[in-house]
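Structure first, then comments.
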Amino acid sequence: IEIYSLHVDCKVTSRFAHTIITSKIVNRANESREATFEVELPKSAFITNFSMSIDGKVYPGIIKEKASAQKEYDAAVSHGQSAGLVKITGRKLEQFHVSVSIAAASKVTFELAYEELLKRQLGKFELLIKVRPKQLVKHFQIDVHIFEPQGIRFLETDSTFMTNELTEALTKVQNETKAHILFKPTVDQQKINPELDETLLNGDFVVRYDVKRGATAGDIQIVNGYFVHYFAPREMPVFPKNVIFVIDRSGSMAGRKIEQTRDALLKILQDLRPEDHFSFITFNSKVAEWKSSLLQATADNVASAAGFVQTLSASGGTDINRALLTAVSMLDKAERLPGRSISMMILLTDGQPTSGESNVEVIQENIQKAVNGKYALFCLGFGFDVSYKFLEKMALSNGGIARRIYEDADAALQLQGFYQEVATPILMKIEMQYPENAIEGLTKNNFKLFFEGSEIIVSGKISNELDLLPVEIKAQTHASDLTLKEEANVKEKEQVFKNQSYVFGNFIERLWAYLTIQQLLEKSISAEEEDKKTLEAQALELSLQYNFVTPLTSMVVTKPTGQQQTELANKPTEAG
């Protein structure tokens, strides 16, 4: 079985990435053989299309509601379940894997398309393409086209498998608003060494970039009546933070995990700003406060905290409920904190609540009642013994986010990296306002906090014949209340994307659908049962309308007669 052509074609238009992977395989044996298509795609992406064509006959994947697809599948497959075509592999990726039997000398072309909205983190966008053909490929090519009307501020490529020879196969052409990256190694360049038919191509191919930002009220783009508004202010004063680190020191944290936690906390202490206030609460079945109140991050206090962190050791149970309630009450009682400041709790735990209150629903309720919208809660789940669902719901219900920390050598760096994302809040209570009577289907448009290096994205449909789209942004900075205004000329904005050869026509509409689905699903995590159903029904309708494989839909893949005919591609989620 020979993969004679593998092409990854990725078009990024204003952060929205549309990737098509095409693999052409021929069976050179004189009997039928199994041809396999195995690719990895980002977890944040939605598959939108898949097809196999075998000797000219096309077998498309059909996207349906999950329950009905499952029914159909159960009816077709009497002998037990197959594992499904998609599974999570690693931190950022999931794998799509399908095999089909093809006759001697036959050819099959596999084609998979997926879409994602690139998210700005720590000042850059990252496009990740996983490369792993497992054999030498005669025609191997990665094409990345980027079009950013705001202008490209910087662009870099990075890969985990580059050699000097392979670098020669990489070209980058760039002007003010466009870039084309081409990676096209010959068979010889792909070889680990000239004698062996083994491939070097195994790892990540990454493109990172950021855009230029001029206008203070962000940047608005419009295509076919849909708009997207990007807002990422910079050079603003930073809010002082009041942060309580709530650290699990139960028995399961013993050994490498607690060591990595100590390393990370020591680095994070160095990153605190002098005007920040901080404290530690550590817990197993007992809850211990390092100090009875928050301290200012002076050199002395930070040094004293570092001494405390070095003594952290692990044993005993896990009382998450009391640890968090203690943190909330410490923030409630805090005095002499800066007038305009942002209070947050960062929970790090590696397990289920086993001591004290162990019912996760009750804990969620207790914490939400106590926090009452005053503080942000970030939940970091260390490893795979945590109930990620529980942590995610608790964070999202309290203005924060959850993140998994992987039990690897770089866990301390992962913890630090997360802290850096939330270390510099520069805006709070952000409201993005648009004319009410003229916009339909507006995505989330108010945000509690904005952290430097990230980006706010709002999208919607302009419902009537507007010539000008006025926007107003209201927010609080550390210094004052902020109001920014801007008017977008609809006709002019529509012109920007005309005549762009590699812009897929309705990309802002698809971006809007992608973002709306993501937000509905996120909202449903912390919603009450009744609302959950409504939110999921809306997300399902959009998933079907725009042909996305989301956690609510499945793609049914049908194979030629005589093989296990039906297989399902489902979207795995972090919470399992």
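The values are calculated or read from the model by the stated rules, or taken from the named source; none is laboratory data. Since the structure is predicted, the reported quantities are computational estimates derived from the model, not experimental observations. A quick note on method: Cβ atoms are made from the backbone with ideal geometry, for glycine too, and the neighbour counts reach across all protein chains shown. Ligands, DNA and RNA are stripped out before the accessible areas are found, and what is left, the full protein with its side chains, is counted by its heavy atoms. Shrake-Rupley method; radii C 1.70, N 1.55, O 1.52, S 1.80 Å.
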Options LYS71, LYS138, LYS107, LYS130; residue that is under 25 Å from LEU166 (Cα atoms) and open to solvent by 70 Å² or more (accessible area, probe 1.4 Å): LYS138
Residues being over 16 Å from SER44 (Cα atoms), part of a loop (DSSP other than H, G, I, E, B) and either in contact (Cβ under 8 Å) with a residue 40 or more places away in the chain or open to solvent by less than 20 Å² (accessible area, probe 1.4 Å) (or both) - total across the range 546-561: 3
Cβ-Cβ under 7 Å pairs, at least 6 apart or on other chains, the range 125-136 side of a type in the set (A, V, I, L, M), far side part of a loop (DSSP other than H, G, I, E, B) and surrounded by 20 or more Cβ atoms within 10 Å (Cβ to Cβ): LEU127/LEU118; VAL131/LEU201
Odd one out for GLU65, checked against (1) at pLDDT 95 or above; (2) more than 18 Å from HIS7 (Cβ to Cβ); (3) open to solvent by less than 20 Å² (accessible area, probe 1.4 Å): (3)
The range 283-307, residues that are under 25 Å from PRO338 (Cα atoms), outside any loop (DSSP other than H, G, I, E, B) and either open to solvent by 10 Å² or more (accessible area, probe 1.4 Å) or among the acidic types (Asp, Glu) (or both): GLU289, LEU295, GLN296, ALA299, ASP300, ASN301, VAL302, ALA303, SER304, ALA306
Failed item, numbered, when GLY356 is tested on (1) in contact with an Asp or Glu (Cβ under 6 Å, 6 or more places away or on another chain); (2) buried (at least 21 other Cβ atoms within 10 Å of the Cβ); (3) small (Gly, Ala, Ser): (2)
Positions within the range 11-28 being open to solvent by less than 30 Å² (accessible area, probe 1.4 Å) and outside any strand (DSSP E or B), in sequence order: SER14, ARG15, ASN27
Every residue from the range 562-576 that is part of a loop (DSSP other than H, G, I, E, B) and among the aliphatic types (A, V, I, L, M): ALA575
Breaking point among (1) of a type outside the set (Gly, Ala, Ser); (2) modelled with pLDDT of 95 or more; (3) over 30 Å from ARG340 (Cβ atoms); (4) crowded, with 22+ Cβ neighbours inside 10 Å, for ILE222: (2)
Cross-chain or 6+ apart pairs with Cβ under 7 Å, the range 155-172 first and open to solvent by less than 70 Å² (accessible area, probe 1.4 Å), then among the aromatic types (Phe, Trp, Tyr): LEU155/TYR209; SER159/PHE205; ALA169/PHE183; LEU170/PHE183
Test result for ARG273, farther than 30 Å from SER313 by Cβ, open to solvent by 20 Å² or more (accessible area, probe 1.4 Å) and either among the basic types (Lys, Arg) or out of contact with any Asp or Glu (no Cβ under 8 Å at 6 or more places or on another chain) (or both): no
Pairs, first farther than 10 Å from VAL556 by Cα and touching a residue at least 24 places away in the same chain (Cβ under 8 Å) in the range 57-71, second among the polar types (S, T, N, Q) and part of a strand (DSSP E or B), C-beta under 6 Å, six or more apart: TYR59/THR558
Condition check for GLU275: outside any helix (DSSP H, G or I) and under 30 Å from ASP467 (Cα atoms): no
Output for the range 517-540, where each listed residue is in contact with a Leu (Cβ under 6 Å, 6 or more places away or on another chain) and among the polar types (S, T, N, Q): SER524, SER526, GLN538
Unmet criterion (only one of (1) open to solvent by less than 40 Å² (accessible area, probe 1.4 Å); (2) in contact with a Leu (Cβ under 9 Å, 6 or more places away or on another chain)) for PHE497: (2)
Long-range neighbours under 9 Å by Cβ, at least six apart or interchain, first residue at pLDDT below 90 within the range 488-509, second part of a helix (DSSP H, G or I) and not polar (S, T, N, Q): PHE497/PHE507; PHE497/ILE508; VAL503/PHE497; PHE504/ARG510; GLY505/PHE497
Top-ranked residue of the range 29-56 - restricted to ones that are assigned to a strand (DSSP E or B) and charged (D, E, K, R), ranked as farthest from LEU568 (Cα to Cα): ARG33
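Residue-wise test of (1) in contact (Cβ under 8 Å) with a residue 60 or more places away in the chain; (2) of a type in the set (A, V, I, L, M, F, W, C); (3) under 24 Å from GLY373 (Cβ atoms).
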{"site": "TYR419", "(1), (2), (3)": "yes, no, yes"}
{"site": "ILE426", "(1), (2), (3)": "yes, yes, yes"}
{"site": "ASN437", "(1), (2), (3)": "no, no, no"}
{"site": "LYS448", "(1), (2), (3)": "yes, no, yes"}
{"site": "GLU452", "(1), (2), (3)": "yes, no, yes"}
{"site": "ALA479", "(1), (2), (3)": "yes, yes, yes"}
Criterion (open to solvent by 60 Å² or more (accessible area, probe 1.4 Å) and either of a type in the set (Ser, Thr, Tyr) or within 30 Å of LYS498 (Cβ to Cβ) (or both)) met by exactly one of SER51, SER32, SER44: SER32
Matching residues, the range 532-545, being surrounded by 16 or more Cβ atoms within 10 Å (Cβ to Cβ) and in contact (Cβ under 8 Å) with a residue 40 or more places away in the chain: LEU540, SER543
Residue in the range 230-241 that is farther than 23 Å from GLN414 by Cα, without any contact (Cβ under 8 Å) to a residue 12 or more places away in the chain and not hydroxyl-bearing (Ser, Thr, Tyr) present: yes
Test set (1) in a strand (DSSP E or B); (2) of a type in the set (Val, Ile, Thr); (3) farther than 30 Å from SER285 by Cβ - ILE244 fails condition number: (3)
